Structures are given as C-alpha cells and as structure tokens.
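*Asks:* First the structure, which I've put down as structure tokens, then a few questions once you've had a look.
The values are calculated or read from the model by the stated rules, or taken from the named source; none is laboratory data. Just so you know, these numbers come straight off a predicted model, no measurement behind them. So basically every Cβ, Gly included, is an ideal-geometry build from the backbone, and we count neighbours across all protein chains shown. With ligands, DNA and RNA removed, areas are computed over all heavy atoms of the protein, side chains included. Shrake-Rupley method; radii C 1.70, N 1.55, O 1.52, S 1.80 Å.
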Amino acid sequence: MEAEIADKPSFAHIRVKLDPGDSIVAEADAMASMSSDIEMSTRWNGGFCSAILRRVFGGESLFVNEFTTRTGGSLVITQALPGDMDCFELDGNTMFLQPGAYIACEPTVKLGLGWAGFASLIGGEGLFRLKVSGTGKVWFGAYGGIFSRDIDEEYVIDTGHLVGYDPSISLKVGMSGGIFSSFFSGEGLVTRVKGPGKVYMQSRSIGGLAAWTNARMY
Amino acid sequence: MFDQSVEDADFQGGVFCKELPNGRASANITLDFTSIRARTTGGDEFVLRYGETNLEMGGSSGRMVFCRNADKTVTIFCEDKKFPKALENASSGELRAEIERVIGNRKQESRRGWGMFWIGATVCVLLLIGGYFGIKQGAKAAVHSLPFSVDETIGELSQSSMQDGFKEVDDPKVVAAIEAIVERLEPYSAIPDVKYQVRVLDSPIMNAYALPGGYITVFTGLIAESESAEEVAGVIAHEMAHVTKRHGLERVTGQLGIVVGIQVLLGDVSGLLALGVELGQYATQNSYSRLQETEADLEGARMLYEANIDPLSVVTLFEDLKAEDPLGLPAWLSTHPDTQGRIDRLKDYAKTLPVKEYDTYDDIDWADIKSRLEGDKDEDADKNEVSKQEDKKGEEEDLDEVAKEDAEDS
C-alpha cells in the first residue's frame with residue numbers, strides 16, 4: 001500500500017494506492033472517490049458499545065469503513081475541515097488523538113477510547129480522547145496547519161489547538177497568566193502539557209472560528 | 001548463557017533518545033542487578049545504571065515512570081503498574097527513596113488536583129444555586145417596583161377569560177350592598193386609587209376571591225351563610241388586602257422560570273403577564289402562602305379597624321360555622337390553611353388595638369339581601385317549573401296534531 005498526502009496544507013487529502021489484498025480503515029464519510037473494484041465494508045467502530053461511546057464522547061462516527069481490494073486500486077480519503085493532514089506510524093506504542101482528528105489507519109491499528117480527565121474537559125479538550133495503539137500507520141487531520149513539537153518540560157497550548165500526543169505527555173489546565181490577563185487577553189484557560197513526548201497541534205481552532213463568526217452575526 | 005534479569009516479567013515501554021529515528025521507540029524493558037535495560041523494536045539497546053538514574057512520574061495517566069540519566073539524553077519509560085515495585089526489588093533498595101519520593105509527589109499532586117476539582121465543583125454549584133435564588137428573589141423584589149397597571153392588566157385579562165360557569169347575580173340591591181361594603185373599606189387600602197370591581201356569582205360555594213388589580217368576586221354562598229354585612233366585610237377586607245399587598249403578583253413570581261425572572265429584572269413584563277393571566281384563571285383553586293395569608297389577615301383587620309368595623313367580625317363567622325359543622329369547613333377556609341392559628345393571631349392583633357366603639361353597616365338590610373338571594377332561587381325554580389310545564393303542554397299539543405293528521409290521512 002502506498003499513501004501520499006496531497007494538496008497540503010489547506011485542502012489536504014490522502015491518495016491511497018492499494019495493492020491486491022491490501023486494506024485500509026477510514027472514518028465514515030471520509031472516502032471522496034475510489035476505483036470501482038475496491039470493496040467497502042462497514043462495521044461498528046470497534047464493537048457496538050465502544051462505537052457508541054466513541055460517537056458520544058470521542059466525536060468519532062458510529063461506523064468505520066474498511067476498503068479492500070483483490071485486484072488493486074486507488075482511493076482518495078479526505079476530511080470535512082479545510083486543513084492539513086499528517087501521519088505517524090505506531091510500532092507497538094500508543095498515541096492519543098483529540099475527538100474528530102482521526103481519519104484513517106491500517107487495519108492492524110487498534111482504536112479505543114481513553115478517559116482524558118476533568119483537566120482536559122475544563123481545558124476545552126474533551127472528557128475522552130481517541131486511543132490508537134498497535135502497529136501501523138495512522139492518518140489524522142486538523143483545521144489549519146499541523147505542527148508538532150518534542151517537549152521535555154512544560155509547554156503551553158491554547159484551548160482547541162491540541163490534536164494528538166504521546167501517552168508520556170501529561171495535561172494540566174491552567175490560566176494563561178494572572179486572573180486579569182487570563183480573562184482580558186482573550187486567552188482564558190490554556191492546557192499546560194509536560195513531557196517528555198511529542199505533541200501535535202493545529203494552527204487554527206474551530207472554537208476560535210465559531211467565536212469570530214458569532215461576534216459578527218448580530 | 002547466564003540470564004542476569006532478576007525480575008521474571010519483561011515490561012513494555014519505550015525510550016526517548018535523540019539518536020533514535022523520530023526521537024523515540026517502543027521497547028522491551030528488563031531489570032537486572034545493576035541496571036535498567038531497554039531493547040527497542042529496532043534492535044537498539046539502552047542501559048541505565050541504578051546509581052545514575054533519576055526517576056520521575058507523570059504522563060497522561062500520571063502513573064508512567066520515567067527513568068533518566070543525569071544529562072537527560074536517555075529516558076526509559078514504562079506505564080506498567082508493577083514496574084515501580086519491580087524496580088525497587090531489582091535495585092536492592094537503591095532506588096527505594098527515589099521511588100517513594102516520586103510516588104509521594106504523585107499522590108500529593110493527585111490530592112491537590114481532586115481538592116481543586118471539588119472546590120471548583122462546589123463553587124460552580126453554589127454559584128448556580130445562588131444565581132437561581134438570587135434571580136428569583138430579585139424578581140420578587142422587582143415585582144413591587146412595577147406599576148400597579150401590571151396587576152390591573154393581569155386581573156382584567158384573567159377575569160375576562162375565566163370560564164367558571166356561574167351565573168352573575170344582577171340584583172342591583174345585592175350588588176350595591178357588596179359595593180357599599182367595599183366602598184367603606186376603600187379609603188383605608190394601602191394602595192390608594194385602586195379601582196375595585198365587584199361581582200357576585202350565584203353559587204352555594206362559601207367563598208370569595210380577588211384577582212390582582214382589584215377584581216373581587218363574592219359567591220352567594222358566603223352571603224347566605226353570614227349573619228351580618230360585617231362578617232362579609234371581614235372576608236372582603238382580607239381579599240382586598242391580597243390586592244393591595246400584591247400577593248397575586250408575588251405568587252406569579254414564585255412560579256416564574258429563570259428566563260422570565262431575568263426578564264422581570266430587566267424590566268420586560270410580557271412573560272410575567274402571560275403567566276399571571278394563566279394563574280389568575282385558576283384563582284379559586286390556587287392558595288396563597290401561609291405568610292401571605294397571615295399578612296392579608298392582619299392588613300384586612302387593620303382596614304376594618306380604620307373603617308370603624310369590628311376587625312374580629314370575620315372570626316365570629318368562622319366560629320359560628322365551625323360550631324355548626326366542626327368537620328365540614330367552608331371553601332374559603334379550606335383554601336386558607338391553619339385556620340385556628342390565624343384566628344388566634346387575629347385575636348392577638350385585635351388586643352393590641354386601642355379600644356373603640358365600632359359601627360355597623362346600618363344602611364344595609366342584610367336580612368333583606370339574604371332573602372332576595374333566596375327569592376331569586378325560588379323565582380328561578382318557579383321559572384324552571386313553568387318552562388317544564390310549557391314544554392310538556394307543547395309536546396302534548398304536538399302529539400294531538402300528529403294524531404289529527406293521521407286521522408285525516410286515513
């Protein structure tokens with residue numbers, strides 16, 4: 001299987017070339033086009049109960065689609081948001097993705113839902129996070145550009161900009177500054193992450209866009 | 001080959017090191033007598049001697065143990081719950097103090113985190129409760145600053161849309177008598193210039209009620225059961241006090257949703273009016289709070305006293321009725337709970353008032369009013385009898401006609 005992320009960074013999509021016998025799992029509604037000889041099968045996103053949990057708390061869809069081919073073919077996988085996509089490869093390790101970030105993975109990757117804690121909730125990052133583990137490639141997307149950072153000590157990320165992180169990263173919610181500057185700087189609450197480990201971030205936040213739009217609606 | 005590993009179990013974890021591709025790799029971790037060994041999936045091996053290992057605890061779960069060399073160029077990490085104990089055993093206690101320190105820090109941090117969570121949750125709950133009751137109480141206070149025209153609108157709309165099914169008594173003498181009772185008390189009402197509107201409804205219910213704005217309804221049952229105009233004046237004064245104390249509006253605010261509460265605080269009374277009219281339509285079924293009843297009793301007694309009418313006149317009505325039928329309480333009392341307590345409070349209040357000679361409604365012939373109501377009933381009954389007889393006669397005539405037609409046809 002060959003996969004290439006095209007039209008980076010604004011309107012990224014994955015162009016996948018499947019060899020005979022290959023398969024790829026993608027989020028429901030992620031397929032934009034595909035060869036006619038690729039077969040698509042839909043299944044619960046990791047079992048009935050966990051699919052419901054993932055839908056309710058993880059921002060993922062109830063179903064995932066598995067694309068397989070006996071003769072080979074290609075397909076294009078995309079995401080709803082205008083923004084970049086990236087890929088990491090698991091070698092038995094685990095990664096956490098924020099709700100909605102997951103797009104596709106190889107069938108050897110396990111999808112699960114992990115408790116993120118109240119700090120994550122208060123920090124605007126949700127009560128749960130998607131846990132990807134096993135071996136294989138995972139593709140994920142973001143709103144705006146994606147940038148990563150290897151951090152060792154504490155690092156501050158504004159609400160809504162976190163996309164994915166290593167399990168070795170700890171999350172704490174905190175104020176961006178003092179009480180006055182936290183409330184009047186527009187930064188409010190932030191997520192303080194502590195390494196060692198890698199974090200993936202997005203250059204735009206949907207919450208920021210929604211607030212900007214709402215402010216101009218009236 | 002001699003296996004130096006002192007712990008049976010291998011641990012799954014990883015290594016952070018800049019020399020690795022991507023700076024990190026998953027690894028299999030073993031513990032021997034002198035060091036921690038991590039073999040990555042790529043086949044690289046990293047060794048940290050216990051003596052030069054610094055420990056940290058953290059990660060997403062808070063349970064991940066990081067073993068680092070002094071210059072932090074190599075970090076071996078593991079999240080397995082058994083790893084700290086295995087590390088302590090394998091190092092023959094060399095790392096015990098370090099492990100106790102990081103676990104102690106972790107527990108302290110966890111306690112602090114939970115402490116902050118509970119403080120935050122408590123503050124949020126208190127703010128919510130405080131906000132809810134603050135708005136409710138604020139709205140209740142704001143009601144008294146609203147113009148009396150709001151009461152009048154609620155009263156007028158409620159009365160006009162009420163479907164009580166009772167016939168209004170149009171005998172001018174009966175209506176005039178009740179109006180005279182109201183007029184005598186009117187100058188002493190707490191809010192001046194209230195335009196009291198009185199109507200008498202034909203019903204055996206021994207009741208009277210007032211809608212906001214001064215819309216007073218008296219049922220003929222109350223008049224029939226009373227011995228004097230003063231007794232009815234006692235009930236009417238109580239109802240007038242509900243009007244002037246604006247209990248109807250207060251009751252509406254008690255039922256307000258939070259949104260309407262905020263609206264009232266902001267000066268928008270449209271929601272209040274709608275709810276007021278709706279509640280007003282069920283005025284006879286709704287009861288005021290005990291506090292409001294007591295307040296209306298005392299205010300009514302004050303008005304009676306000022307108008308030179310015995311403030312305990314209503315008490316005699318209650319007592320007469322209770323003596324006649326100790327269990328069957330009249331409707332007016334059954335919707336006004338704690339009757340004996342209220343009678344006692346009224347008597348106590350009357351004792352505090354300076355003694356004076358009370359007047360009576362000399363201009364009202366109460367016996368005549370009562371007989372007129374009975375007369376009305378007899379008249380109605382006569383009318384019904386006459387109409388029944390006429391119907392019967394009509395039917396007989398129709399039958400005769402049909403018989404005649406049949407005879408002609410044959």
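*Asks:* Ignoring ligands, DNA and RNA and using a 1.4 Å probe, state the total buried accessible area between B and A in Å², rounded to the nearest 100.
*Replies:* 1300 Å²
*Asks:* So between residue A:23 and residue A:115, what do we pick up on full extension, going 0.36 nm a residue minus the alpha carbon distance?
*Replies:* 30.2 nm
*Asks:* What residues does the stretch A:68-114 have that are buried by at least 50 Å² of accessible area in the full protein assembly compared to the chain on its own, 1.4 angstrom probe?
*Replies:* A:91
*Asks:* Moving on to the next point. Tell me, what is the FRET efficiency for residue B:316 and residue A:52 to the nearest 0.05, using R0 = 60 angstrom and their Cβ-Cβ distance as r?
*Replies:* That pair, residue B:316 with residue A:52, gives E of 0.25.
*Asks:* Would you tell me the accessible area of residue B:103, worked out with a 1.4 angstrom probe on the heavy atoms of the protein chains, in Å² to the nearest 10?
*Replies:* The accessible area comes out at roughly 50 Å².
*Asks:* Sort A:63, B:11 by accessible area with a 1.4 Å probe, largest first.
*Replies:* A:63, B:11
*Asks:* Same structure, new question: Could you grab the relative contact order for chain A? Cα pairs under 8 Å, six or more apart, rounded to a whole percent.
*Replies:* Once divided by the residue count of chain A, the mean separation gives 19 percent.
*Asks:* For helix A:206-215, report the angle its Cα long axis makes with the longest principal axis of the Cα atoms of chain A; keep it between 0 and 90° and round to the nearest 10°.
*Replies:* 60 degrees
*Asks:* Next question, about the same structure. Which of A:102, A:155, A:143 moves the most in a Gaussian network model of chain A with Cα springs under 10 Å?
*Replies:* It is A:155.
*Asks:* Which net charge results for the neighbourhood of residue A:73, defined as the other residues with beta-carbon distances under 13 angstrom from its beta-carbon, given Lys and Arg at +1 and Asp and Glu at -1?
*Replies:* Net local charge, residue A:73 excluded: -2.
*Asks:* Can you give the FRET efficiency for residue B:119 and residue B:145, using 1/(1 + (r/R0)^6), R0 = 41 Å, r = Cβ-Cβ distance, to the nearest 0.05?
*Replies:* For R0 = 41 Å, the calculated efficiency reads 0.65.
*Asks:* What does the accessible area of residue A:43 come to, in Å² to the nearest 10, when a probe of 1.4 Å is used?
*Replies:* 100 Å²
*Asks:* How many angstrom separate the Cα center of the stretch A:71-107 from the Cα center of the stretch B:109-131?
*Replies:* Computed from Cα coordinates, the inter-centre distance equals 38 Å.
*Asks:* Let me check I've understood the local charge: for residue B:69, count other residues with C-beta under 14 angstrom from its C-beta, Lys and Arg +1, Asp and Glu -1. What total comes out?
*Replies:* Around residue B:69, the charge tally is -1.
*Asks:* Ordering A:17, B:347, A:198 from largest to smallest accessible area (1.4 angstrom probe), what's the sequence?
*Replies:* A:17, B:347, A:198
*Asks:* How do B:211, B:126, A:53 stack up against each other in accessible area, from largest to smallest, with a 1.4 angstrom probe?
*Replies:* My answer, sorted largest first, is B:126, A:53, B:211.
*Asks:* Along its principal axes, what span do the Cα atoms of the stretch B:11-103 show, with the longest given first and each in whole Å?
*Replies:* Cα extents, longest axis first: 34, 29, 24 Å.
*Asks:* Under Stokes-Einstein, with the Kirkwood radius over Cα pairs standing in for Rh, what whole-number D in µm²/s applies to the stretch B:176-229 at 4 °C and 1.567 mPa s?
*Replies:* Translational D for this selection: 110 µm²/s.
*Asks:* Using the alpha-carbon centroid of each, what span in Å lies between the stretch B:136-170 and the stretch A:141-158?
*Replies:* 62 Å
*Asks:* Accessible surface of residue A:44 in the full protein assembly, 1.4 angstrom probe, to the nearest 10 Å²?
*Replies:* Residue A:44 has an accessible surface of roughly 100 Å² with all protein chains in place.
*Asks:* Given R₀ = 41 Å, FRET efficiency for residue B:129-residue A:152 by Cβ-Cβ distance, to 0.05?
*Replies:* 0.40
*Asks:* Determine the principal axes of the Cα atoms in the stretch A:2-215, then give the extent along each, sorted from largest to smallest and rounded to whole angstroms.
*Replies:* Extents along the principal axes, in whole Å: 63, 33, 31.
*Asks:* Using the basic label-point model (7 angstrom from Cα toward the beta carbon), what is the residue A:66 to residue A:42 distance in nanometres?
*Replies:* 1.6 nm
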